[in-house]
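Enquirer: Here it is: the structure, laid out below.
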Amino acid sequence: MKHIVVLTGAGMSAESGIKTFRDADGLWEGHDVMEVATPEGFAANPELVLDFYNQRRRQLREVSPNAAHYNLAELETDFKVSIITQNVDDLHERAGSTNVIHLHGELLKVRSSIDEWDIQDWKTDLILGDCCKKGHQLRPHIVWFGEDVPMIPKAIDICETADVLIIIGTSMQVYPAASLMHYVPLHTPTYFIDPKPNIDSKHNLTVIAETATIGMKKVVGLLKANK
């Protein structure tokens, strides 16, 4: 089976009602990202940070996967599919995708504030006083600005085995995630789906200037035609 590697970003979940990471004013849901998405912000005001992610977690329960999520899951019928996402939601999994790597963590997990590998599932609010088994405060399992991205080595290994690359809803300008496309074998057919693409079609690269749902429908047609 051909191996399709998919890189997804905020545009993938936008049509499900999840806001993209930052609005034009640079704020995330009305907050300065440095206050709610850095270790320093958590140290300065942990209650604010916990409440911020509690609200994101509640919002996630109110939305559903969109057609593009389901299209990716359905590709597993005919292809090996690996999804590497910058998103912290679980919409890929809820749509049925079985091989998903979350580069930036997951909203429905928390971890020890001391041990980054002490991770547990968490679907309710997280408050001050919720501690790991060693007695340390739990924090959102989110990769904040200034922190290492521990899943990058695994993501690189996956990209090196790609037969087809699909990029959806991400500008591929934020590192280290943006570096992943460079690990895909040379001449790999690549499909770039974004309503405002920052690149043009060229040899082996097909740019589809559409939203995720419309773009994925087109890509599924192209993949089936070339199978």
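Enquirer: If you count only protein heavy atoms with a 1.4 Å probe, what accessible area per residue comes out for segment 180-223, rounded to a whole Å²?
Expert: Numbers: 2540 Å² over 44 residues.
That works out to 58 Å² for each residue.
Enquirer: Pick out, from T77, Q59, I18, the residue whose Cα sits farthest towards the positive end of the charge dipole of segment 7-117, with +1 on the Cβ of Lys and Arg and -1 on the Cβ of Asp and Glu.
Expert: Sorting the options by dipole projection puts first T77.
Enquirer: If you don't mind, there's one more thing I want to ask. With a cut-off of 8 Å between alpha carbons and a minimum separation of six or more residues, what is the relative contact order of the chain in percent?
Expert: Relative CO of the chain lands at 23 percent.
Enquirer: Now a separate question. Share of segment 82-227's accessible area from carbon and sulfur, percent, 1.4 Å?
Expert: Working: 4030 of 7450 Å².
Here carbon and sulfur together make up 54 percent of the probe-accessible area.
Enquirer: To test your reading of the geometry: what angle, between 0 and 90 degrees and rounded to tens, separates the Cα axis of helix 212-225 from the longest principal axis of the chain?
Expert: For helix 212-225, the angle is close to 40 degrees.
Enquirer: Tell me which lysines have Cα within less than 17 Å of K19's Cα, excluding those fewer than 8 residues away on the same chain?
Expert: The qualifying lysines are K196.
Enquirer: When the Karplus curve 6.51 cos²θ - 1.76 cosθ + 1.60 is applied with θ = phi - 60°, which whole-Hz ³J(HN,Hα) does each residue of segment 99-107 get, with x for Gly and Pro?
Expert: Working through the residues one at a time gives 10, 10, 10, 9, 5, 10, x, 9, 4 Hz.
Enquirer: Still on this structure: Give, rounded to the nearest 20 debye, the magnitude of the charge dipole that segment 116-227 has about its Cα centre when Lys and Arg contribute +1 at Cβ and Asp and Glu contribute -1 at Cβ.
Expert: That gives segment 116-227 a dipole magnitude of about 440 debye.
Enquirer: Can you pull the one-decimal nm distance between simple spin-label points at I101 and Q120, each 7 Å off the Cα toward Cβ?
Expert: 2.8 nm
Enquirer: According to a simple spin-label model (label point 7 Å from Cα along Cα-to-Cβ), what is the distance in nm between A178 and K202?
Expert: In this crude label model, K202 to A178 measures out at 1.6 nm.
Enquirer: Okay, which of segment 206-226 sit inside 11 Å, backbone N to the point 7 Å along the Cα-Cβ direction of K2?
Expert: Once the point is set 7 Å along Cα→Cβ of K2, 220-226 turn out to lie under 11 Å by backbone N, inside segment 206-226.
Enquirer: If you don't mind, there's one more thing I want to ask. Short version: ³J(HN,Hα) in whole Hz for each residue of segment 109-115, in order, from phi by Karplus 6.51 cos²θ - 1.76 cosθ + 1.60 (θ = phi - 60°), x for Gly and Pro, what are they?
Expert: With coefficients 6.51, -1.76 and 1.60, one gets 9, 10, 8, 4, 6, 9, 10 Hz.
Enquirer: Something else: In terms of modelled amide H atoms, which long-range or inter-chain residues lie less than 5 Å from the amide H of T206?
Expert: Sorted by chain and number, the residues that satisfy this are T190, Y191, F192.
Enquirer: By how many nm would the segment from A43 to D78 lengthen if fully extended, with 0.36 nm per residue of separation less the alpha-carbon distance?
Expert: 7.9 nm
Enquirer: What is the gain in length, in nm to one decimal, between R58 and F145 on full extension, counting 0.36 nm per residue of separation less the C-alpha to C-alpha distance?
Expert: 29.1 nm
Enquirer: Name the longest site-free stretch of the chain, where the excluded sites are chymotrypsin sites (Phe, Trp or Tyr not before Pro) in a DSSP loop with no more than 12 other beta-carbon atoms within 10 Å.
Expert: The reported range is 1-116.
Enquirer: Could I ask something else about it? Under unit Cβ charges (Lys, Arg +1; Asp, Glu -1), what dipole magnitude, rounded to 20 debye, does segment 27-78 have relative to its Cα centre?
Expert: The calculated dipole for segment 27-78 is roughly 180 debye.
Enquirer: Please list, ordered by chain and number, the residues whose modelled amide H lies under 5 Å from the amide H of V6; skip anything fewer than 5 residues away on the same chain.
Expert: Distant-sequence amide H within range of V6: S82, I83, I84, I166.
Enquirer: Estimate the FRET efficiency between K154 and R94 by the formula 1/(1 + (r/R0)^6), using the beta-carbon distance for r and 30 Å for R0, to the nearest 0.05.
Expert: Details: r = 22 Å, r/R0 = 0.73.
Using R0 = 30 Å, I get an efficiency of 0.85.
The values are calculated or read from the model by the stated rules, or taken from the named source; none is laboratory data. What you are looking at is a predicted structure, and each value in this text was computed from that prediction instead of being measured. A quick note on method: Cβ atoms are made from the backbone with ideal geometry, for glycine too, and the neighbour counts reach across all protein chains shown. Remember, those area values only see protein heavy atoms, side chains included, never the ligands or the DNA or RNA. Shrake-Rupley method; radii C 1.70, N 1.55, O 1.52, S 1.80 Å.
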